[in-house]
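What follows is one structure encoded as C-alpha cells, with my remarks underneath.
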Amino acid sequence: MPSRQTQIAPPSSGSRHAPKCVPAARLAAIALGAFAACDTPGVTLVDPDVSNPDPDKGTTIHVTLEDSALAEALGWSRGVPNAEVQLHRIIEAFQPDIFYTDSTGQVHVPERLPGYHRVAASKSIIADEAVTAGGVPRVFADGVKTESLGSMLQLTLAADRRGPLVISEFYDGGNTLEINYQWGIFWELYNNADTTVYLDGMLLGRAFGGFAAGVATCEDLRRFRENQLGLLSLEFHQFPGAGRDHPVSPGQAVTIALDAVDHSQVHHSLPDLSHADFELEGSADPDNPSVPNMPTVGPGINPFGHGMMQYDFHVKFLALPADPSNLASMTYREYRYSLIPKDLIIDVQHADWMHPTTAPHPELTDQCPRWVNQEFDRLEAGSDRMGEHDNTNSLQRRILRRNIDGRAILQDVNVSYFDFVSRRYSPGSVGG
C-alpha cells in the first residue's frame, strides 16, 4: 500500500504526495485557519507552499538495531544504513512519505504539519548479505505513533523471530457498503516451526484496545493499553482437547471460523468456510456438526448469543493453554477483564484503517501511541477493507523465506505494520 517513490528532494506544493511540511512561524496560523475553515461552506484547505523548506528545521530520525552484537557484526554500530523510513500524518489518506537513512542510520525530515504521525522503519537483507545474521533472508523493523516528532526521533529495529504458531490470516467478513454481513469472519493459524504443536487448551481472543479513545484519555487507559504483565481480555475462546488431540504439523495452516458454513451462498464475494478446522461456539450461531466447537470461556460473552465478533482494528491474540478460572483480572468501568499473562502469549495482531484513496474513518482513528505493550506488537497493520472497498481481501502475514523443501517461513518482527499485507483471502493456505 505505501508509495514506493523515494523523495530525494521535496516535491513541489502541487504534488499530491508532497510531504506536509511548513515553516514553524506559520504553524499557528495554519492551525487556526483549519479550525475556522472546517465549518465554513465553500472553503477548501490546501497544503502550504513547501518548495523551499528551512533545512535547519524538522526532525532527524536515527535508526539503530536492537541487537547490539548483531549490529556490530553487520557493521551497523552507528546506525542501520539504507533503512526505509515511512511517515504518515494519521488524519490524512494513507500515502506515507518515504525516506532512506544514510550510512550512520540517520535521515533528516523537513518540518511537517502538526498532528499525530505514524513513523515506521524497516531493513531487509537477502541471503547473500546475511552470512553474519544466519545465512538466510532477515528483516528488522520498528514503528511508533507520536503526537510530536520533535527535533530527534529514535527508532530501534527488532529482528525477525521464528516462533511456533503465528496468526497468519484474519478476515472480518463482508461488512461493506455492498452488503452488511458480519458472519464470514475467520482466523488462520500457521505452524512456523519444524516440530508439531498441539492446539489443545490454547486461547484465541480479543484483547483490550482497538477502539476510539474518546471514551477516556490515553493516559487514563495506559494501565490497560500497555500493561506490562500481559493482555487484558473480556472475550476469548478455548480450543478443545485433552492435550494431544489436535496436532498441527510444520507448515500446516488451521482455519477457525465464526460460523463454519458456506458464506458464498449469501454473496459470491464471501468465503466458503464449511470445511474450517474449528468454529466458535455461540447459542445463536449455526452449528456445523463436522467441525469441532471452541467454547467461549472469557468473563464476557456476546449478548446476542454469537461467538466472538472481531474486526480488523481489534487486538487479536493467541495464548498457550490456561485455566480461565485461575486468571487474574482487572475492572474497566463495569466490565471485568481477564489478564492473559505475557509468558502465555504466543502471538498478537491488530490493524487500523489505512487506504491510499480515503481518509481514515474518524471513529476508527485512535490517537493513543499504542494499544498494546510494545513487547507484543509495536505498530498496527494497515487495513483497507472498511466502507466502500471490496470484501474479498484479508490481512495475511508475509512470507519471509522458504525452506529447501519449499515450506514457507512467515515473517514475524512483532510489527503488524510490516508483518501483514492485504491480499485476497485464502483460508487454509499461506502466501495468497
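A few comments on the model shown:
- The DSSP beta bridges internal to segment 234-344 are antiparallel in roughly 60% of cases.
- Candidate aspartates and glutamates - alpha carbon under 14 Å from K342, same-chain residues fewer than 8 apart omitted: E226, E375, D377
- The amide H of N227, built 1.01 Å from its N in the peptide plane, has N373 as neighbours under 5 Å, considering only residues 5 or more places off or on other chains.
- Highest average packing first - 88-94, 403-409, Cβ atoms within 10 Å: 88-94, 403-409
- Antiparallel content of DSSP bridges confined to segment 165-424, in %, to 5: 90 percent
- FRET efficiency, A328 to A242 (Cβ-Cβ, R0 35 Å, nearest 0.05): 0.85
- Gain upon complete extension [S290, K57; 0.36 nm per residue less C-alpha separation]: 77.5 nm
- Packing, as the average of other Cβ atoms within 10 Å across residues, places the peptides 263-273, 77-87 in the order 77-87, 263-273, highest first.
- Annotation note: GluC sites (Glu not before Pro) in segment 276-344 located in DSSP loop regions with a Cβ neighbour count of at most 15 within 10 Å are E334.
Every read-out reported here was derived from the displayed coordinates using simple, explicitly stated rules and does not represent laboratory data. Model, not experiment: these values are computed from the prediction. Cβ coordinates were reconstructed from backbone atoms using ideal geometry, including for glycine residues, and neighbour counts include every protein chain displayed.
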